[in-house]
Amino acid sequence: MQPIVLSTWSFGPVANNPAWEVLVRRGDEGGGGGGVLDAVIAGATAVENDPTINSVGIGGLPDASGRVSLDGCVMENPDRAGSVACLRRFANPCAIARRVMEKTIHIMLVGEDADRFAEREGFAPIGEKGLLTDYARGEWEKWISDPRHLDRDKYRGWIPPLNIEEKARSGPDQSHDTVCVLGMDGRGRLAGACSTSGMAFKVPGRVGDSPIIGHGLYVDQEAGAAAATGNGELVMGTCGSFLAVEMMRRGAMPIDAATEALTRITRRFKLGPDHQVAMIVMASAKGAGGHGREWGGWASAAIRPGFQHTITDAGGTRVEPAQRVLMA
Ligand code: ASP
């Protein structure tokens, strides 16, 4: 197999370049954990550590109370998955999620106890300033001073920005963009990582699809890997990533698996103009397309225009538009 790294959005090169570096250097070493898991976590971590990306890690936009919370997960197989949600003191959910997978009998830790776990595991807390950057604070101050948010203390739910009609004309809302990184090493082993600060100005305590196994990310060496970004509630209502992987288990090619998962959303939800979900999907070496045919490859698809994926292979790194858009 040829190594490959596939990630979400145009900030993908921030993830793919370090992931590729790990993959080509260590991808064939094998052993517990393996190079491909190291690679996808290196990719997600680079995005988490970039303060200019306002939807993941340091720099993430806060919840309605002005506090940033981070979610993330990693996965290699149904019995190799780890996750954390609502971290407030640590910047790197994917690396901490891996530790949950490797050091506990559990899959998911949340909230203050997840922060405490990270501390016990020796991760460095973010320090006094916290996760909120000056830019993110400024955006939150603008949001909170919007008169339509006067009922914010009742936390009835997320209220779109005032300029939503304008945004609807220019494409789906951009205030939430998860980094999902899928990788395959030279031996055909898959791994995935998914990291987010979630929907901007969310109700405090809200956790979306990204850290939930089977929703924001699912990986099964026998069937393939899939990951989602966009409005998490839409993905959660349809078990989006699990659905795409199960489609491949039954023989679908990646583009058809992604299309089926997204179509399920369009059929089962009443979509607003700011609703967007995109998926990246990768066949396993022995799954889709493996039934006597060649490897099924990978795909990306989105409900609406605007989504881009980043692909890195022996030919280099490319940022490209989704291969299929359902509501073009
Ligand atoms: N899916 C993420 C969430 O709902 C956000 C995103 O990917 O845009 O938390």
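Could you tell me the relative contact order of segment 182-328? Use alpha-carbon pairs under 8 Å, at least six residues apart, and round to a whole percent. It would help to have the intermediate numbers written out before the result.
On the way: 333 pairs, mean separation 28.9, N = 147.
Relative contact order, segment 182-328: 20 percent.
Put +1 on the Cβ of each Lys and Arg and -1 on the Cβ of each Asp and Glu in the chain; which of Gly130, Leu23, Pro204 then has its Cα farthest toward the positive end of the dipole?
Pro204
Which percent of the Cα-Cα distances in segment 1-107 go past 18 Å?
On the way: 2850 of 5671 pairs.
Of the Cα pairs, 50 percent sit more than 18 Å apart.
Taking the Cα centre as origin and putting +1 on Lys and Arg beta-carbons and -1 on Asp and Glu beta-carbons, what dipole magnitude results for the chain, to the nearest 20 debye? Don't jump to the answer; show the numbers that get you there.
On the way: 35 positive and 39 negative charges, 117 e Å.
Rounded to the nearest 20 debye, it is 560 debye.
Return the long-range amide H neighbours of Val179 (sequence gap of 5 or more, or a different chain), with a cut-off of under 5 Å between placed amide H atoms.
Counting only residues 5 or more places away or on other chains, the set is Ser195.
Is segment 234-328 rounded, prolate or oblate when judged by the Cα gyration tensor, a ≥ b ≥ c being the square roots of its eigenvalues, rounded requiring a/c under 1.5 and prolate requiring a/b larger than b/c? Intermediate results must be reported in sequence, preceding the final value.
Values: a/c = 2.62, a/b = 1.30, b/c = 2.02.
Judged from the Cα gyration tensor, segment 234-328 comes out oblate (a/c at least 1.5, b/c at or above a/b).
Apply the Karplus parameterisation 6.51 cos²θ - 1.76 cosθ + 1.60, with θ equal to phi minus 60°, to every residue of segment 83-95 and state each ³J(HN,Hα) to the nearest whole Hz, in sequence, with x for glycine and proline.
7, 9, 9, 6, 6, 10, 10, 9, 8, 10, x, 5, 5
Per residue of segment 186-202, in order, report the coupling 6.51 cos²θ - 1.76 cosθ + 1.60 (Karplus, θ = phi - 60°) as ³J(HN,Hα) in whole Hz, putting x for Gly and Pro.
In residue order, the calculated couplings are x, 9, x, 7, 9, 7, x, 9, 9, 9, 7, 9, x, 5, 4, 6, 4 Hz.
How many lysine pairs does the chain hold where the Cα atoms are under 28 Å apart and the two sit 8 or more places apart or on different chains?
Taking the chain as the scope, the lysine pair count is 12.
About the Cα centre, and with charges only on the beta carbon of Lys, Arg (+1) and Asp, Glu (-1), how big is the dipole of segment 178-328? Nearest 20 debye, please.
Using only the charged Cβ atoms, the result is roughly 260 debye.
Considering only protein heavy atoms, with the full assembly of protein chains and a 1.4 angstrom probe, order Arg25, Arg318, Arg137, Arg250 by accessible area, largest first. Mind showing how you got there, number by number?
Working: Arg25 140, Arg318 80, Arg137 105, Arg250 210 Å².
The residues order as Arg250, Arg25, Arg137, Arg318, largest area first.
Suppose accessible area is computed on protein heavy atoms with a 1.4 Å probe; arrange Trp143, Trp295 from highest to lowest.
Working: Trp143 20, Trp295 80 Å².
Of Trp143, Trp295, the descending order of accessible area is Trp295, Trp143.
If each residue of separation counts as 0.36 nm, what is the full-extension length gain between Ala314 and Glu128 once their alpha-carbon separation is subtracted? Walk me through the numbers on the way to the answer.
Values: separation 186, 0.36 × 186 = 66.96 nm, distance 4.23 nm.
62.7 nm is the gain from fully extending Ala314 to Glu128.
Let me spell out the model: positive unit charges on the Cβ of Lys and Arg, negative unit charges on the Cβ of Asp and Glu, origin at the Cα centre of segment 1-116. What dipole size does that give, in debye rounded to 20?
Values: 10 positive and 14 negative charges, 36 e Å.
About 180 debye.
Over the chain, what relative contact order in percent results from Cα pairs under 8 Å that are six or more residues apart?
Details: 889 pairs, mean separation 69.6, N = 328.
Across the chain, relative contact order equals 21 percent.
Applying the Karplus parametrisation 6.51 cos²θ - 1.76 cosθ + 1.60 with θ = phi - 60° to the phi angles of segment 115-121, what ³J(HN,Hα) value in whole Hz is obtained for each residue in order, glycine and proline being reported as x?
After applying 6.51 cos²θ - 1.76 cosθ + 1.60, I find 4, 5, 4, 4, 5, 4, 7 Hz.
Tell me which residues come under 5 Å, amide H to amide H, from His309 once H is placed; ignore anything under 5 positions away on its chain.
Answer set, sorted by chain and number: Trp9, Glu320, Ala322.
Determine the equivalent ellipsoid of the chain by diagonalising the alpha-carbon gyration tensor, then write out the semi-axes as square roots of 5 times the eigenvalues, largest first, rounded to whole Å. Display every interim value, and only then the final one.
Values: eigenvalues 176, 110, 55 Å².
Square roots of five times the eigenvalues give 30, 23, 17 Å.
What residues have an amide H closer than 5 Å to that of Lys286, excluding those fewer than 5 places away on the same chain, when H is modeled at 1.01 Å from N in the peptide plane?
For Lys286, whose amide H was placed from the backbone, there are no distant partners under 5 Å.
The values are calculated or read from the model by the stated rules, or taken from the named source; none is laboratory data. Please read all numbers here as calculations on a predicted model, not as lab measurements. A quick note on method: Cβ atoms are made from the backbone with ideal geometry, for glycine too, and the neighbour counts reach across all protein chains shown. For accessibility, only protein heavy atoms count, side chains too; no ligands or nucleic acids. Shrake-Rupley method; radii C 1.70, N 1.55, O 1.52, S 1.80 Å.
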